[in-house]
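Here is the structure we will look at, set down as structure tokens.
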Amino acid sequence: AQKVTQAQTEISVVEKEDVTLDCVYETRDTTYYLFWYKQPPSGELVFLIRRNSFDEQNEISGRYSWNFQKSTSSFNFTITASQVVDSAVYFCALSDDTGKLIFGQGTTLQVKP
Amino acid sequence: DSGVTQTPKHLITATGQRVTLRCSPRSGDLSVYWYQQSLDQGLQFLIQYYNGEERAKGNILERFSAQQFPDLHSELNLSSLELGDSALYFCASSGGEWHEKLFFGSGTQLSVL
């Protein structure tokens with residue numbers, strides 16, 4: 001069965017610190033897609049990134065970067081120089097062959113000024 | 001704005017009642033997904049429709065049902081409501097391909113008193 005585990009329930013950092021959110025997944029599929037979504041206090045789910053299983057290149061987008069390691073079934077997310085506006089719940093997800101997303105439990109990030 | 005519209009935004013009702021949540025997908029999207037978000041269960045997949053047909057089913061209770069209409073909007077019906085059904089219900093849409101990202105609506109907050 002497919003599963004996504006985000007072991008960190010809550011993380012608290014001070015502004016400008018770097019923070020890494022962990023994500024470990026389980027799947028028997030050889031081709032799969034991984035996602036990160038952000039849920040700010042306002043409640044909506046905002047797409048951040050999609051990565052397919054064939055592309056292990058790390059990706060950087062501004063202060064955000066993602067490290068995909070197939071060998072350890074991990075897809076970790078790092079925020080560099082965190083800001084208060086980064087405070088949110090972050091979800092890692094895995095897609096199955098119907099297109100639905102299987103989400104992890106989420107990591108609540110609090111960035112203090 | 002994701003382009004996915006959910007109504008109503010908030011719903012307060014009593015145990016034993018029945019409610020209908022409505023979702024209009026992004027223009028052109030054929031697939032609609034329903035998710036339930038509660039504090040203890042996280043983001044749980046309920047059901048998926050593709051072009052009017054049910055495509056995948058998750059842990060959806062028998063008291064819950066959904067459908068997708070010819071104009072592609074979808075409704076989630078919750079009946080014989082219990083206190084534990086209080087949650088944030090999200091609708092998402094995509095083109096329907098298995099690797100696509102999902103666009104989420106802003107959710108319907110259901111409170112069962």
_With the crude spin-label approximation of a point 7 Å out along Cα→Cβ, what separation in nm comes out for A:Lys3 versus B:Arg18?_
3.8 nm
*When a/c is below 1.5 the answer is rounded, else prolate if a/b is larger than b/c, else oblate, so apply that to segment A:27-71 with a ≥ b ≥ c taken from the square roots of the Cα gyration tensor eigenvalues.*
oblate
_Size of electric dipole in the protein assembly as shown: Cβ of Lys, Arg +1 and of Asp, Glu -1, about Cα centre, debye, nearest 20_ = 200 debye
_Buried area at the A-B interface (accessible, heavy atoms, 1.4 Å probe, summed, Å²)_ = 1700 Å²
*Could you work out the relative contact order of chain A, using alpha carbon pairs under 8 angstrom and six or more residues apart, expressed as a whole percent?*
38 percent
*Work out from phi, with θ = phi - 60° and the Karplus expression 6.51 cos²θ - 1.76 cosθ + 1.60, the ³J(HN,Hα) of each residue of segment A:34-43, listed in order in whole Hz, and give x for Gly and Pro.*
10, 9, 10, 10, 10, 10, x, x, 5, x
*Apply the Kirkwood formula to segment A:49-113: the hydrodynamic radius equals the inverse of the mean of 1/r over all pairs of different alpha-carbon atoms; give it in Å with one decimal.*
13.3 Å
*Of the beta bridges DSSP finds with both residues in chain B, what % are antiparallel, to the nearest 5?*
90 percent
_Gaussian network model of chain A, Cα within-10 Å springs - most flexible of A:Asn52, A:Asn76, A:Asn67_ = A:Asn52
*Restrict the search to segment A:6-113; then list the GluC sites (Glu not before Pro) that DSSP places in a loop and that have at most 14 other Cβ atoms within 10 Å of their Cβ.*
A:Glu15, A:Glu17, A:Glu56
*trypsin sites (Lys or Arg not before Pro), restricted to segment A:1-101: which are DSSP loop and have at most 12 other Cβ atoms within 10 Å?*
A:Lys16, A:Arg28
*asked:* I need two numbers for the protein assembly as shown: Rg to one decimal and Dmax as a whole number, Cα atoms only, in Å.
replied: 17.6, 52
_Spatially close lysines, pair count over chain A: Cα under 20 Å, gap of eight or more or interchain_ = 7
*Would you work out what percent of the accessible area of chain A, with all protein chains in place, is carbon or sulfur (probe 1.4 Å)?*
48 percent
*If you count, for every residue in B:93-99, the Cβ atoms of partner chains within 10 Å of its Cβ, what is the mean?*
4
*Per q in 0.12 1/Å, what log10 I(q)/I(0) does a Debye calculation on the alpha-carbon atoms of chain A return?*
-0.39
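The values are calculated or read from the model by the stated rules, or taken from the named source; none is laboratory data. Everything quoted here is computed from the prediction, not taken from an experiment. Quick reminder, even Gly has a Cβ in these numbers, built from the backbone with ideal geometry, and neighbours come from all protein chains shown. Surface areas here come from the heavy atoms of the whole protein model, side chains and all, with no ligands, DNA or RNA. Shrake-Rupley method; radii C 1.70, N 1.55, O 1.52, S 1.80 Å.
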